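See structure below.
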Amino acid sequence: MSGHIDPTRERFGEFRRLPDDGPVHMLNLVRLRERAAYPDGREASGREAYAAYGRESGPIFRRVGGRIAWSGDIRLMLIGPEEERWDICFIAEYPSAAAFVEMVKDPDYQKAVVHRQAAVEDSRLIRTAPKPAGAGFGE
């Protein structure tokens with residue numbers, strides 16, 4: 001079974017149809033391949049390929065106003081399937097949904113994304129709207 005690597009055309013359309021009313025937080029959960037799967041057969045680990053993606057896409061990410069709002073090391077799946085594991089977890093912040101769309105449509109980003117596609121075995125990318133932090137749950 002193949003993992004979730006890229007959004008479908010339908011889901012990307014849903015993303016674009018949501019209101020663009022402020023900052024967007026994108027929760028990223030990434031499971032890397034042990035060996036990258038480049039279409040041209042080049043050799044790299046999944047981690048090396050993902051690092052190349054970060055280096056090449058970073059300038060575009062920052063140009064559209066993106067920043068990493070939070071990142072952390074995953075230590076334990078306390079609730080959830082024990083066999084499910086994630087190697088990378090972070091929240092990327094964009095000033096708007098339009099900024100995210102601008103990034104993914106950028107020709108240089110589209111060249112860089114080949115590294116992500118080669119590196120990633122499975123992923124989740126969840127759009128959220130940031131809210132002020134509260135003192136308790138559900139606030």
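The number of residues in the range 50-65 being within 18 Å of residue 104 (Cβ to Cβ), part of a helix (DSSP H, G or I) and open to solvent by less than 80 Å² (accessible area, probe 1.4 Å) comes to 9. In the condition set (1) open to solvent by less than 50 Å² (accessible area, probe 1.4 Å); (2) in contact (Cβ under 8 Å) with a residue 12 or more places away in the chain; (3) part of a loop (DSSP other than H, G, I, E, B), residue 130 is compliant with all but (1).
Residue 84 falls short of the stated requirement of being acidic (Asp, Glu) and at pLDDT 95 or above.
Being over 13 Å from residue 24 (Cα atoms) and either not aromatic (Phe, Trp, Tyr) or not in a helix (DSSP H, G or I) (or both) is a description that applies to residue 74.
Screening 123, 96 for residues that are within 16 Å of residue 49 (Cβ to Cβ), open to solvent by less than 70 Å² (accessible area, probe 1.4 Å) and among the small types (Gly, Ala, Ser) leaves exactly one candidate, 123.
Checked across the range 77-87, the condition of being under 18 Å from residue 12 (Cα atoms), touching a residue at least 40 places away in the same chain (Cβ under 8 Å) and either hydrophobic (A, V, I, L, M, F, W, C) or part of a loop (DSSP other than H, G, I, E, B) (or both) holds for no residue. Listed by first and then second residue, the pairs with beta-carbon distance under 9 Å, at least 6 apart or on different chains, first residue in the range 9-27 and on the phi > 0 side of the Ramachandran plot and part of a loop (DSSP other than H, G, I, E, B), second of a type in the set (A, V, I, L, M) and open to solvent by 50 Å² or more (accessible area, probe 1.4 Å), are 22/129. Given 68, 91, 74, which one is surrounded by 14 or more Cβ atoms within 10 Å (Cβ to Cβ) and either charged (D, E, K, R) or in contact (Cβ under 8 Å) with a residue 12 or more places away in the chain (or both)? On inspection, the qualifying residue turns out to be 91. Does residue 135 qualify as being exposed (fewer than 14 other Cβ atoms within 10 Å of the Cβ), over 13 Å from the mean Cα position of the chain (by Cα) and among the small types (Gly, Ala, Ser)? Here the answer is yes, as residue 135 does meet what is asked. Considering the range 1-49, the residues that are at pLDDT below 95 and of a type in the set (S, T, N, Q) include one that is least open to solvent (accessible area, probe 1.4 Å), namely 8.
The values are calculated or read from the model by the stated rules, or taken from the named source; none is laboratory data. Fair warning: this is a prediction, and the values are worked out from it, not measured in the lab. Glycine gets a Cβ as well: all are built from the backbone with ideal geometry, and neighbour counts include every protein chain shown. Please note that ligands, DNA and RNA were not included when accessible areas were found on the heavy atoms of the full protein model with its side chains. Shrake-Rupley method; radii C 1.70, N 1.55, O 1.52, S 1.80 Å.
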